[in-house]
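As structure tokens, the structure follows; a few thoughts come after it.
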Amino acid sequence: MKHHLTGFFDRIIQDQNLNPTHISLYITLFQYWNINHFQNPISITREEVMRISKICSTATYHKCIKELNEKGYIKYEPSFNPFKGSMVILFNFSEDQNQLKKG
């Protein structure tokens with residue numbers, strides 16, 4: 001996993017549509033994944049992720065998590081249940097790094 005963030009940053013450098021809020025949200029999700037020993041999926045609650053990533057608007061949170069999902073940074077599975085966390089799968093970008101080195 002040590003090259004994961006390098007692979008992530010290589011991707012976001014190329015992606016002109018991401019802004020600091022997307023990056024903050026992703027880094028927060030990455031920390032959850034790290035705490036979970038890089039096992040997928042991870043369970044998240046919107047309130048806690050918003051607090052940690054410093055996102056104040058629910059609309060902004062939903063927009064950014066949806067866009068991270070659509071662009072293939074994560075797989076987001078919302079629960080729509082306030083008592084059950086949503087599930088997120090993070091992809092291993094260190095594998096992309098290895099492919100770049102081999103190519």
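Since every read-out is calculated from the coordinates, none of them should be taken as a lab result. Everything numeric in this text was worked out from a predicted model, so none of it was measured. No Cβ is skipped: glycine too gets one built from the backbone with ideal geometry, and neighbour counts run over all protein chains shown.
Per the helix-only calculation at 222 nm, which mean residue ellipticity applies to the chain, given -39500 (n - 2.57) for every DSSP H run of n ≥ 4 and division by its residues, nearest 500 deg cm²/dmol?
-17000 deg cm²/dmol
For Asn69, what is the net charge nearby, where nearby means another residue's Cβ is under 13 Å from its Cβ and Lys, Arg count +1, Asp, Glu -1?
+1
Figure the gain on full extension for Ser43 and Asn19 (residue separation times 0.36 nm, minus the Cα-Cα span) and round it to one decimal in nm.
Contour length minus Cα-Cα distance gives 6.2 nm.
Mind counting lysine pairs for me in region 4-102? Cα separation below 24 Å, and the two need to be 8 or more apart along the chain or on different chains.
12
Translational diffusion coefficient of region 4-102 at 37 °C, 0.692 mPa s, Stokes-Einstein with Kirkwood Rh over Cα pairs, in µm²/s as a whole number.
237 µm²/s
What is the dipole size for the chain, taken about its Cα centre, with +1 at each Lys and Arg Cβ and -1 at each Asp and Glu Cβ, in debye to the nearest 20?
Charge dipole, the chain, about its Cα centre: 80 debye, nearest 20.
Hey, fewest Cβ within 10 Å first, where do His3, His37 land in order?
Least crowded to most crowded, the residues run His37, His3.
Going by how many other beta carbons lie within 10 Å of each one, how would you line up Arg51, Arg11, fewest first?
Fewest-to-most ranking of Arg51, Arg11: Arg51, Arg11.
For a quick check: sort Ser53, Ser94 by the number of other beta carbons within 10 angstrom, fewest at the front.
In increasing order of surrounding Cβ atoms, one gets Ser94, Ser53.
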